[in-house]
Every structure is written in C-alpha cells, then in structure tokens.
Amino acid sequence: MPNYTLYYFNGRGRAEICRMMFAAAGVQYTDKRFEFNEWDRYRKEMPSDCVPVLDIDGNQKMPETMAICRYLAREFGFYGKNNMEMFRVDYICDCLYEILHDYMRYYHEKNGRFRSTMSSSKSSNSSSSSTSTSSSSSSSSSSTSTKSSDKKDGTFVVELKSRYLETCRRILPFLEKTLGTRQYFNGEQMMLCDMMCYCCLESPYMEDHTLFNNYPKLVSLRNRVTAHSKISAYLKKRTVTNW
Ligand SMILES: N[C@@H](CCC(=O)N[C@@H](CS)C(=O)NCC(=O)O)C(=O)O
C-alpha cells in the first residue's frame, strides 16, 4: 500500500469524502490540514493551486476532488463491479458534488473566504477544537478579513444561496427516486456514492434539515452510512469543524 498524504484546509469541505473512504477501508494516511492564513505557503506546492490534493509516496501530488475519490474508490473497492455499476456510481456522485460545490460557494462567500480575499486574509481567526491525532493545528472559526460579500451588500450571497437551493430542488428528488427501495445506491454494499450522500449533504442537513423532509429515503441512507461500523467509529473520533 502506498504512503498517502491528503492536503486540505482544516475543515470537512471537499476532503471529507476522501477521509471517510480511508476510514471505511481501514487504510492509514496522513491527514495534513492547514488554516486559511497558511494557504499562501501551501498553495505553491499544489499542482493546480487548489486542494484537496492527494500525495502518493511523497512524489506524486494529485489534484481534483472527484479524480481523487474515484482513484481511492477503485483502490479500496467502493466503485462497483462493472462498467454499468461504475456509471451509476459516477452520476450519483456527480449530482451530489454539484450540491456540495454550490453549497461551498455560498458558505464561503457568506463567511468571506473566497480566493479574492484569501491571499490578503492575514487576520483570519482560528479557535482550537481539534480532537483527532491528525496533523491539524486548530479548527477554523470566523474570518475578520474584508469580505467580498460586504462589498456587494450581501446580494451575491443571496444569489449563491438560491442557486444552491435550486440545485437541491433539481437533484434531491432525482436521487430519492434513484435510490428507490435499495439499501445502498448499488444494492447491499456501501459504495463511494453512499458516502458522498453523507458528506455532501452533511452541512446542508445541519444548516436546515427541513430541506430533506420530502426525501425520507435519502435520510435513511444517511442514517445507514452513519451506522456503518467503520464510519460510526470514524465519526466519533474525527476532528470537529464548522464546515
Ligand atoms: N475543481 C476543484 C476545486 C477545488 C477548490 O475549489 N478548492 C478550494 C477549497 S474548497 C481551494 O483550494 N481554494 C483555494 C483558493 O481558491 O485559493 C476540485 O473539485 O477539487
């Protein structure tokens, strides 16, 4: 097994699905986390100026969330047995990632942490709530940097929020129907797309669980993933962060 290091901010964000797969597979890795005010230093080491990045054996830094997810899912057996099963896993994951992407844009705009402000955010606050043994230094709280949302009088945040909610309205009914009466999306085995269902919807669910009132099957799937022995052990000991 290669030596894996996962680089990301000290938040769940786009990296949590990778952390969850490592936990579900019982594979050791280094969970390298950093704060927003450390980003300028780490950015230089990242191939596409973005994280998450997965470093393999200290000599290959691989970018892009979904590419990393698919690689890990193939390595750990969370991707399905044949091309059609993988197709299904792919489109479910891509749908869920759309929600996560739109939510992250809205959330970070609301909290003033977008690219435009990051490099100048020398005054980013931190408060320590880390409980894991990862290399995290502390947990992010609020930023006091100038907010692009302030400049736009908050209207951009409202726009991003309605875009995210529209994406939910488009995708959640489709996924509810796609899951149907199955235990997991592909049958009886938990796959990448089931873990994505937990990760991508975690913050939206925490923010407003009534959003899911019409999707009881997806809520049951979420509970099933939470109850999975490896995942429940991971959730109990993971670093607690706001996002
Ligand atoms: N297409 C990339 C986007 C990754 C991305 O936007 N990452 C954000 C953190 S969630 C980032 O690295 N932001 C740093 C910056 O914008 O300077 C992916 O899906 O992984």
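The values are calculated or read from the model by the stated rules, or taken from the named source; none is laboratory data. Here the structure is a predicted model, which means the values were calculated and not measured. Every residue, glycine among them, receives a Cβ derived from its backbone with ideal geometry; neighbour counts consider all protein chains shown. Ligands, DNA and RNA are stripped out before the accessible areas are found, and what is left, the full protein with its side chains, is counted by its heavy atoms. Shrake-Rupley method; radii C 1.70, N 1.55, O 1.52, S 1.80 Å.
When MET104 is tested against (1) more than 16 Å from the ligand (Cβ to nearest atom); (2) surrounded by 15 or more Cβ atoms within 10 Å (Cβ to Cβ), only condition (1) is not met.
Taking the conditions (1) open to solvent by 20 Å² or more (accessible area, probe 1.4 Å); (2) more than 18 Å from HIS101 (Cβ to Cβ) in turn, ARG70 satisfies each one other than (2). For the stretch 1-11, a residue qualifies if it is surrounded by 22 or more Cβ atoms within 10 Å (Cβ to Cβ) and assigned to a loop (DSSP other than H, G, I, E, B), and the qualifying residues are ASN10, GLY11.
Residue by residue through the stretch 52-91, note down the ones that are within 11 Å of the ligand (Cβ to nearest atom), among the aliphatic types (A, V, I, L, M) and part of a helix (DSSP H, G or I).
The initial filter retains those residues of the stretch 52-91 that are within 11 Å of the ligand (Cβ to nearest atom), namely 52-54, 62-69.
Filter once more, so that each one left must be among the aliphatic types (A, V, I, L, M): 53-54, 62, 66-68.
MET66, ALA67, ILE68, listed by residue number.
For the stretch 177-201, filtering for residues that are more than 17 Å from the chain's Cα centre (by Cα), open to solvent by 10 Å² or more (accessible area, probe 1.4 Å) and within 26 Å of SER229 (Cβ to Cβ) leaves 11.
Quick check on the stretch 24-51: of everything there that is part of a strand (DSSP E or B) and open to solvent by 40 Å² or more (accessible area, probe 1.4 Å), which residue is farthest from the ligand (Cβ to nearest atom)?
Residue satisfying both the conditions and the ranking: THR30.
Scan the stretch 213-243 for residues that are in a helix (DSSP H, G or I), surrounded by fewer than 18 Cβ atoms within 10 Å (Cβ to Cβ) and free of Cβ contacts under 8 Å to residues at least 60 places away in the same chain and jot them down. Of everything in the stretch 213-243, those that are in a helix (DSSP H, G or I), surrounded by fewer than 18 Cβ atoms within 10 Å (Cβ to Cβ) and free of Cβ contacts under 8 Å to residues at least 60 places away in the same chain turn out to be PRO216, LYS217, VAL219, SER220, ASN223, ARG224, THR226, ALA227, SER229, SER232, LEU235, LYS236.
When restricted to residues that are within 16 Å of VAL27 (Cα to Cα) and of a type in the set (A, V, I, L, M, F, W, C), the stretch 50-74 contains 6. Checked against the criterion of being buried (at least 20 other Cβ atoms within 10 Å of the Cβ) and at pLDDT 95 or above, the candidates LEU172, LEU165 yield just one match: LEU172.
Would you check if MET62 is under 20 Å from CYS93 (Cβ atoms) and either in contact (Cβ under 8 Å) with a residue 60 or more places away in the chain or open to solvent by 60 Å² or more (accessible area, probe 1.4 Å) (or both)? Judged against the criteria, MET62 is a match. Looking only at the stretch 112-122, decide whether some residue is surrounded by 15 or more Cβ atoms within 10 Å (Cβ to Cβ), assigned to a helix (DSSP H, G or I), within 14 Å of the ligand (Cβ to nearest atom) and at pLDDT 95 or above. No, the conditions are met nowhere in the stretch 112-122.
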